[in-house]
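Trainee: Have a look at this one.
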Amino acid sequence: MEPMPHKEKYEYQGSCLVVNAPAKLNLFLLIAGKRSDGFHEIDTLMTKVSWYDSLRLEEGSSPGIELECRGRFWAPEDESNLVLKAGKLIFSELGLSEPNLKITLTKNIPAGTGLGSASSDCAAAIDGIDSFFSLNLSSEFKHSAACKLGSDIPFFLQASPAARCTGRGEKVQAVDLPLSDIVFQIFVPDFTCSTAKVYSKYKHSEKEYEEKLSEVNYALKQGYAEKICRLGINMLERACFKAFPEAEEFAEMQNNGEKLALSGSGSAFYRFFTINKLENYKKNAKIKNYSALGGSRLVSSNSW
Ligand SMILES: C[C@](O)(CO)[C@H](O)COP(=O)(O)OP(=O)(O)OC[C@H]1O[C@@H](n2ccc(N)nc2=O)[C@H](O)[C@@H]1O
Ligand SMILES: Nc1ncnc2c1ncn2[C@@H]1O[C@H](COP(=O)(O)OP(=O)(O)OP(=O)(O)O)[C@@H](O)[C@H]1O
């Protein structure tokens, strides 16, 4: 079993443009408290990984944006899909009527699993529409559109493999962290976790936040991705287990006694190996395919 292959962001197929939309993992997730607008102030390090949805953009047969969803996993085909929302928002903010555009979304990554696939699809739609129609949208315009549609979307718009995201997630600072010799194994259960429900169960402890912040800052200063991953800090984990007890059960069943890290608000978990250790794990046949919704996937950090 090898890590899933990396893809370029854009593929040109005749007059069609294909945009690949990677999943993300939260390498740490701190919660600094609840804000007066109901959102939580977060501090998270995210990396994009080599598991992709894809959006194919081509000329449509009638005016307006048409969306078709395909692939192993479900996504809404109506206006609640963030891909359609992004398209509509862009043309309405530009004061333009919607062009003849057909988007085919191939859903390879399940939503509601903490892997950010709906957010990534949305960012890919923003970049893809900009590129397909040569709109030359400014990064401020795209960032502002992304913020209107969701907290994780700005992360997927910026062009670096890893970033530290603060505020409600929209303040994105690229982080230069050597991640290329790390392989992640993602476990995807056959249930999903609602992000809103997980946040609603979160109970803040300032002391815990301060302690975990100094742990991650210390690890970041040392500059080794492995040290950060080894901490496995996700301050939403308890809330996730409270809201979805099956998540705790799932993590215990998969891990052979080893602690797995939760990505985002769940339901996916992951563990990591440095590439040299991966060879040993393979020899000992400890990497299995699990018969969960999405099984398990080996991925590595994306290069863009
Ligand atoms: C858990 C993470 O994936 C970590 O990266 C993100 O914080 C979630 O980001 P997201 O899925 O883009 O979330 P949004 O779609 O913006 O918000 C969904 C719901 O999650 C809660 N929410 C989200 C982000 C945040 N910083 N604080 C919150 O309390 C709010 O109840 C919100 O109504
Ligand atoms: N492109 C899309 N793909 C899948 N679901 C989408 C999409 N656009 C909107 N949705 C809706 O969003 C819901 C999932 O939102 P959610 O934020 O949990 O997904 P996610 O991107 O996997 O993020 P998270 O990391 O928070 O789990 C779906 O149940 C669906 O109703």
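The values are calculated or read from the model by the stated rules, or taken from the named source; none is laboratory data. This is a predicted model, so every value here is computed, not measured. No Cβ is skipped: glycine too gets one built from the backbone with ideal geometry, and neighbour counts run over all protein chains shown. Calculation scope for accessible area: heavy atoms of the full protein, side chains included, ligands and nucleic acids excluded. Shrake-Rupley method; radii C 1.70, N 1.55, O 1.52, S 1.80 Å.
Trainee: Restricting attention to region 11-63, which residues are within 12 Å of ligand 1 (Cβ to nearest atom), among the aromatic types (Phe, Trp, Tyr) and surrounded by fewer than 18 Cβ atoms within 10 Å (Cβ to Cβ)?
Mentor: Result: Phe39, single match.
Trainee: If you check Gly128, Gly169, which single one turns out to be more than 9 Å from ligand 2 (Cβ to nearest atom), among the small types (Gly, Ala, Ser) and outside any loop (DSSP other than H, G, I, E, B)?
Mentor: Gly128
Trainee: Can you tell me which of (1) hydrophobic (A, V, I, L, M, F, W, C); (2) more than 21 Å from Val18 (Cβ to Cβ); (3) near ligand 2 (Cβ under 9 Å from one of its atoms) is the one Ala75 doesn't meet?
Mentor: Here Ala75 clears every test but (2).
Trainee: Let me ask another. Could you list, in sequence order, the residues of region 12-40 that are among the hydrophobic types (A, V, I, L, M, F, W, C) and over 21 Å from Asp152 (Cβ atoms)?
Mentor: At the first step, the residues of region 12-40 found to be among the hydrophobic types (A, V, I, L, M, F, W, C) are 16-19, 21, 23, 25, 27-32, 39.
Matches in region 12-40: Cys16, Leu17, Val18.
Trainee: Contact list please: Cβ distance under 6 Å, first residue in region 149-173 and farther than 11 Å from Thr44 by Cα, second residue polar (S, T, N, Q) and in a helix (DSSP H, G or I), pairs at least six apart or on different chains.
Mentor: Taking only residues 6 or more apart or on different chains, the pairs are Gly150/Ser119; Ile153/Ser119; Phe156/Ser119; Phe156/Ser120.
Trainee: Only one of these is open to solvent by less than 10 Å² (accessible area, probe 1.4 Å), within 16 Å of ligand 1 (Cβ to nearest atom), among the hydrophobic types (A, V, I, L, M, F, W, C) and touching a strand residue (DSSP E or B) at 6+ places or on another chain (Cβ under 8 Å): Leu236, Leu278. Name it. Let's see the steps before the verdict.
Mentor: Numbers: Leu278 fails: within 16 Å of ligand 1 (Cβ to nearest atom).
None of the other options fit; the residue is Leu236.
Trainee: All but one of (1) within 29 Å of Ser36 (Cα to Cα); (2) within 16 Å of ligand 2 (Cβ to nearest atom) hold for Leu84, so report the exception by its number.
Mentor: Looking at each condition in turn, Leu84 falls short on (1).
Trainee: Take Glu140 and tell me if it is part of a helix (DSSP H, G or I), open to solvent by 10 Å² or more (accessible area, probe 1.4 Å) and either within 9 Å of ligand 2 (Cβ to nearest atom) or free of Cβ contacts under 8 Å to residues at least 24 places away in the same chain (or both).
Mentor: When the stated conditions are applied, Glu140 passes them.
Trainee: Name the pairs: first residue in region 189-208 and at pLDDT 95 or above, second residue more than 15 Å from ligand 2 (Cβ to nearest atom), Cβ to Cβ under 6 Å, at least 6 apart or on different chains?
Mentor: Note: pairs meeting the criteria are Lys201/Lys242; His204/Gly33.
Trainee: May I ask you to verify whether Ala75 is in a helix (DSSP H, G or I) and either surrounded by 15 or more Cβ atoms within 10 Å (Cβ to Cβ) or in contact (Cβ under 8 Å) with a residue 12 or more places away in the chain (or both)?
Mentor: Details: in a helix (DSSP H, G or I): no; either surrounded by 15 or more Cβ atoms within 10 Å (Cβ to Cβ) or in contact (Cβ under 8 Å) with a residue 12 or more places away in the chain (or both): yes.
So Ala75 does not fit the description; no.
So that you can scan it fast, the table gives a plain yes or no per residue for (1) surrounded by fewer than 16 Cβ atoms within 10 Å (Cβ to Cβ); (2) touching a helix residue (DSSP H, G or I) at 6+ places or on another chain (Cβ under 7 Å):
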site: Ile65; (1), (2): no, yes
site: Arg70; (1), (2): yes, no
site: Glu98; (1), (2): yes, yes
site: Asn108; (1), (2): no, no
site: Leu115; (1), (2): no, no
site: Phe156; (1), (2): no, yes
site: Ala159; (1), (2): yes, no
site: Ala163; (1), (2): no, yes
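Trainee: Here is a list of conditions, (1) in a helix (DSSP H, G or I); (2) within 14 Å of Ser265 (Cα to Cα); (3) not hydroxyl-bearing (Ser, Thr, Tyr), and Cys193 meets all of them except one; can you say which number that is?
Mentor: Of everything listed in (1) in a helix (DSSP H, G or I); (2) within 14 Å of Ser265 (Cα to Cα); (3) not hydroxyl-bearing (Ser, Thr, Tyr), Cys193 misses just condition (1).
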